[in-house]
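A.B. asks: Next up is a structure, given as structure tokens.
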Amino acid sequence: MHVDLRSDTVTRPSPAMRKAMAHAEVGDDVFSDDPTVNALQDYAAKLAGKEAALFVASGTMANQIAIRLATQPGDAILMEAKAHPFNYEAGAAAVISGVQTHLIATEDGLLTADDVRSTVRGPNDHFAPATLLCVEDTTNRGGGGVYPKTQLNELIAVAKELGLRTHLDGARVFNAVVASGIALDQRLKGFDTASFCLSKGLGAPVGSLLVGSAADMARARRIRKMLGGGMRQAGIIAAGGLYALEHNVQRLADDHRRARMLATGLTGHGFEVRAPETNIVYVAIDNAAEAQAALHDRGIWCIAVAKDSIRLVTHMDVDDGGISRTIDAFAALR
Ligand SMILES: Cc1ncc(COP(=O)(O)O)c(C=O)c1O
């Protein structure tokens, strides 16, 4: 049996989650009458401390709806250079919203208020006006880093000062919640919109949520429809998401412990590893693609994200034994 550390998206629904899905009450969600989708949205909005939530197909769809909500064609949006919407969403912001993306490069993927202040340019007919700041917590390509709450507060304050709306891409925000001990509603406080994924560390098969004001979520619903994301008896998948939120949040601490175990083991074998705050471990390695293939031959699946870097992501389908096997397989590369 292989150990799959390519991503926390590879998790499969547990028997209990499947049972909840099989027994879900359903209706037509395009008519807003799927009781399980409605229950999930109500639960998520409450947890997030926002007026409303919208169930969508993916983290990408949630981010893109948030961008469309906050912008007009010709606007500029700001995000860190490694952020997901710029790097991994197929250029969607340019196509769906017609916006220009201003990137801010940082070492760790975490923006500061000064970064934002020094990037936003004043009104001038030559410039695309910046209207939205996107923040990613935890940072995927930044190494699973968690924003300190004060830094989030400062970002919200500077965005307000500069007249920007704010969106938090919280694909893995529950990892940030568990690592920081700060509840979701507190971490999202002040953001106009936020998204989070049910299909990553939380272990549901499909789905993400977008949260925000009731007025924004009503508009978001229409944008979702425009993108072909209006689903019918979606309660079957929403039930998996509801189960994930009710049962799988606190266990993310196990993934974080295993990421630390992995980092310690690899460091012990002389690898250069960024100390993980959550469930993502980056290992510096020459010829990463070759190393990825050699590890695959030993039953360890991972991704070479650059020519000199491999990413390993811990999740609920990898146990302590899998971590030990991974450390041994890396050691054998030496
Ligand atoms: C930070 C971040 N945002 C958004 C997404 C997009 O999620 P999805 O794959 O559900 O579209 C991902 C996926 O890995 C991600 O890491």
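A.B. asks: Exactly one of (1) within 25 Å of I156 (Cα to Cα); (2) part of a helix (DSSP H, G or I); (3) away from the ligand (no atom under 16 Å from the Cβ) is unmet by T36. Its number?
C.D. replies: Of everything listed in (1) within 25 Å of I156 (Cα to Cα); (2) part of a helix (DSSP H, G or I); (3) away from the ligand (no atom under 16 Å from the Cβ), T36 misses just condition (1).
A.B. asks: Could you say which residue among D33, D29 is out of contact with any strand residue (DSSP E or B) (no Cβ under 9 Å at 6 or more places or on another chain) and of a type in the set (D, E)?
C.D. replies: Residue meeting the stated conditions: D33.
A.B. asks: Let me ask another. Does any residue in segment 225-244 that is over 11 Å from D29 (Cα atoms) come within less than 6 Å, Cβ to Cβ, of a residue that is among the polar types (S, T, N, Q) and modelled with pLDDT of 95 or more six or more places away or on a different chain, and which pairs are these?
C.D. replies: Every condition considered, the pairs that remain are A239/T36.
A.B. asks: Within segment 39-65, can you find the residues that are among the polar types (S, T, N, Q) and away from the ligand (no atom under 16 Å from the Cβ)?
C.D. replies: Q41, the sole residue that qualifies.
A.B. asks: Considering only residues that are in a helix (DSSP H, G or I), in contact (Cβ under 8 Å) with a residue 12 or more places away in the chain and within 22 Å of K200 (Cβ to Cβ), which ones fall in segment 256-294?
C.D. replies: The answer is H256, R258, A259, R260, M261, L262, A263, Q292.
A.B. asks: Within segment 269-291, how many residues are among the β-branched types (V, I, T) and over 19 Å from the mean Cα position of the chain (by Cα)?
C.D. replies: Taking segment 269-291 first, the residues among the β-branched types (V, I, T) are 273, 278, 280-281, 283, 285.
Still in the list and also over 19 Å from the mean Cα position of the chain (by Cα): 273, 283, 285.
The number of residues fulfilling the criteria is 3.
A.B. asks: Still on this model: Out of everything in segment 75-101 that is of a type in the set (S, T, Y) and more than 12 Å from the ligand (Cβ to nearest atom), what residue ends up being nearest to A113 (Cα to Cα)?
C.D. replies: T101
A.B. asks: Also, quick follow-up: Which members of segment 109-118 meet the condition of being touching a Ser or Thr at 6+ places or on another chain (Cβ under 7 Å) and within 15 Å of the ligand (Cβ to nearest atom)?
C.D. replies: First pass over segment 109-118, keeping only residues touching a Ser or Thr at 6+ places or on another chain (Cβ under 7 Å): 109-110, 115.
Scanning segment 109-118 gives G109, L110.
A.B. asks: State whether the residues of segment 175-191 include one that is in a strand (DSSP E or B) and within 16 Å of the ligand (Cβ to nearest atom).
C.D. replies: First, the residues of segment 175-191 that are in a strand (DSSP E or B): none.
Checked segment 175-191: no residue is in a strand (DSSP E or B) and within 16 Å of the ligand (Cβ to nearest atom).
A.B. asks: Separate question: In the list I96, I104, which residue meets the criterion of being more than 16 Å from the chain's Cα centre (by Cα), under 29 Å from A306 (Cα atoms) and in contact (Cβ under 8 Å) with a residue 60 or more places away in the chain?
C.D. replies: Being more than 16 Å from the chain's Cα centre (by Cα), under 29 Å from A306 (Cα atoms) and in contact (Cβ under 8 Å) with a residue 60 or more places away in the chain holds for just one of I96, I104, which is I96.
The values are calculated or read from the model by the stated rules, or taken from the named source; none is laboratory data. It should be emphasised that the depicted structure is a prediction, and the values quoted were computed from it without experimental measurement. Cβ: placed from backbone, ideal geometry, glycine included. Neighbour counts: every protein chain shown.
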